[in-house]
Structure formats: structure tokens, C-alpha cells
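The values are calculated or read from the model by the stated rules, or taken from the named source; none is laboratory data. Since the structure is predicted, the reported quantities are computational estimates derived from the model, not experimental observations. In this analysis, Cβ positions are derived from the backbone assuming ideal geometry, glycine residues included, and neighbour counts consider all displayed protein chains. Accessible surface areas use protein heavy atoms only, side chains included; no ligands, DNA or RNA. Shrake-Rupley method; radii C 1.70, N 1.55, O 1.52, S 1.80 Å.
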Amino acid sequence: MEFHIHAQPEDISRYVFCPGHQNRAKRIADHFQDIKLVHDDRGIVVYSGLYNGIFMTSCGTGMGGPAVGIALEELANLGADTFVRVGSCGVFQPGQQPGDIVISTGTFRSGGTSHAYLPLAFPAVPTFEVLRELVRSAETLELPYITGVGIAGDAFYAPNKSGSNRDMLVNANIVSAEMESDALYIIGQYRHWRTGAIYTSDGSDTETKPEWGFEQYHNGEGNCIKIALEAMLSIAQHDSA
């Protein structure tokens, strides 16, 4: 029994979706057969079930690097080793709109949790195998997407966010901003897990979460989930081949 996640190893798959939002974890799990609520306490919700015959887990970790770090460490202790973050993100580039899909190729580390594992000079990048399957799944499903580097930090209201100069980020072609991928990638690298991330834009380069973009965002989130599910299925099938 883990300190925060009260589950047994048989309750947890090696294949885990790890959105920050608990409702998104449920939306992912709604695609499972024989869905089971495994845990719901201290802001962490965990569901498990079958997707096309493969046992999978969906965990809403809560926001930020500290929360995702706790959840993933405990899920790994229960047998998980492959994590796909299905998140939302802000955007920087002209033309990006609510509902756009971003497949992450790396993260500018602006949070604090990952520094406890590896020094700042160490790159925060997904596992290539997971990144490849996310891209393949998007193309197979004929869903539009972009790939690119984002920024992740865990001090949402910090008055002076380190490294968050907007002009610099725009010029560097940063395509997403969220709060968990830096910790996900670095902890995964340190612990030898497979990791990847896909996001839905919740705004444009000029507006954050506009009311006019809610429907586009909701549809984009659904498409992100479809891509992630098919990518994880492909990974599992390769593992069993």
C-alpha cells in the first residue's frame, strides 16, 4: 500500500494516462471496458479497465510537478512503467487556437520538482518510442496536430516567473505552456520509465480560455484522448509481440 494511492499492484496497469485534471482522467477511463474506480483521495483519482483487451490505468494527478511526481512514483511502485500525459496547455505562436493538438517533443524546465532529480542542464524530453506512437496515431486517425517544445513551471501565480519572458519564448518557437511535463520527463528519465505528452490548447496567442473557444477545446480534448489511447494500445501490442 502506497502512502497516498491506496491500491494493490493488481489494480494498476503498467500503461498509465496521467492528466492533471481529475475529470479528464474520467473522460479517458470512459473509453475502458470493465472500468473500476481504484482510488479517489487527496486530489488523486485512479481508474483502471480494459481498452481493446489491454489493461490500462488513468490517473488524475492534480496540478504541478510536485503532484505528478508523487502520483507517478507511487504508481510505478505498483507496477506502472509507461506514462502518457494528456493535458491542456496555453500557447504562444500566432495562429494557435483553442482545440489545437500539440504533441510534445521536449520541455523548457521552469518548475522546481525536477531539480531534485537531475540538474537543470539535463534536457526534459519524452521517450522517442512514445513520441513516435503519438505522432503515428494522430496521422492514422487523420487528426491535425503540431509537434514542438513547450515550457512547464509549477508556480502559477509567481510574480517573476523564471525563464518566462514571452518575447523570448515566442522567438524560440515555444508552442505550449503547462505545469507537469518537466517533472514527468525528468523523473521518468531518472527512474527509467517511458514517458510522453499530448496537449489540447485552451486558448490562442492573445486570449486564455475564451468562452468562444470552449466547444473547440472540448472537441480537441476528445481528439487528444483518442490519439493517446491508440498510441498506448500500439505500445502495448509491440511489448507483447
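Residues of the range 90-104 being open to solvent by 20 Å² or more (accessible area, probe 1.4 Å) and either modelled with pLDDT of 95 or more or under 16 Å from the mean Cα position of the chain (by Cα) (or both), which ones?
Step one: filter the range 90-104 for residues open to solvent by 20 Å² or more (accessible area, probe 1.4 Å), giving 90, 92-95, 97, 100.
Gly90, Gln93, Pro94, Gly95, Gln97, Asp100 - these are the residues of the range 90-104 that are open to solvent by 20 Å² or more (accessible area, probe 1.4 Å) and either modelled with pLDDT of 95 or more or under 16 Å from the mean Cα position of the chain (by Cα) (or both).
Filter the range 118-167 for residues that are in contact with a helix residue (DSSP H, G or I) (Cβ under 9 Å, 6 or more places away or on another chain) and hydroxyl-bearing (Ser, Thr, Tyr); which is farthest from Ile225 (Cα to Cα)?
The qualifying residue farthest from Ile225 (Cα to Cα) is Thr127.
Could you name every one of the strands (runs of 3 or more DSSP E) located completely within the range 1-62 that has at least 1 residues being surrounded by fewer than 17 Cβ atoms within 10 Å (Cβ to Cβ), in contact with a Leu (Cβ under 9 Å, 6 or more places away or on another chain) and of a type in the set (D, E, K, R)?
Numbers: elements: 15-17, 33-41, 44-51, 54-60.
Per the criteria, 33-41.
Going through the range 105-156 one residue at a time, which ones are of a type outside the set (A, V, I, L, M), in a loop (DSSP other than H, G, I, E, B) and surrounded by 18 or more Cβ atoms within 10 Å (Cβ to Cβ)? If you could, list the steps in order and put the result at the bottom.
Step one: filter the range 105-156 for residues of a type outside the set (A, V, I, L, M), giving 105-115, 117, 119, 122-123, 126-129, 132-133, 136-137, 139-140, 142, 144-145, 147-148, 150, 153-154, 156.
Imposing the further condition that a residue be in a loop (DSSP other than H, G, I, E, B) reduces the set to 110-112, 117, 119, 122-123, 126-127, 142, 144-145, 153-154, 156.
Residues satisfying the conditions are Ser110, Gly111, Pro126, Thr127, Tyr145, Gly153, Asp154.
Table: residues versus (1) under 12 Å from Thr107 (Cα atoms); (2) among the hydrophobic types (A, V, I, L, M, F, W, C); (3) out of contact with any strand residue (DSSP E or B) (no Cβ under 6 Å at 6 or more places or on another chain); (4) free of Cβ contacts under 8 Å to residues at least 40 places away in the same chain.
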| site | (1), (2), (3), (4) |
| --- | --- |
| Phe122 | yes, yes, yes, no |
| Thr127 | no, no, no, no |
| Arg132 | no, no, yes, yes |
| Glu139 | no, no, yes, yes |
| Glu142 | no, no, yes, yes |
| Tyr145 | no, no, no, no |
| Val149 | yes, yes, no, no |
| Ala152 | yes, yes, no, no |
| Pro159 | no, no, yes, yes |
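Test each condition in (1) open to solvent by less than 10 Å² (accessible area, probe 1.4 Å); (2) in contact with a Leu (Cβ under 9 Å, 6 or more places away or on another chain); (3) farther than 23 Å from His192 by Cα for Gly69 and report the one that comes out false.
(3)
Identify all residues within the range 72-89 that are assigned to a helix (DSSP H, G or I) and crowded, with 22+ Cβ neighbours inside 10 Å; write none if there are none.
Pass one, the range 72-89, residues assigned to a helix (DSSP H, G or I): 72-77.
Within the range 72-89, Leu72, Glu74, Leu75 meet the criteria.
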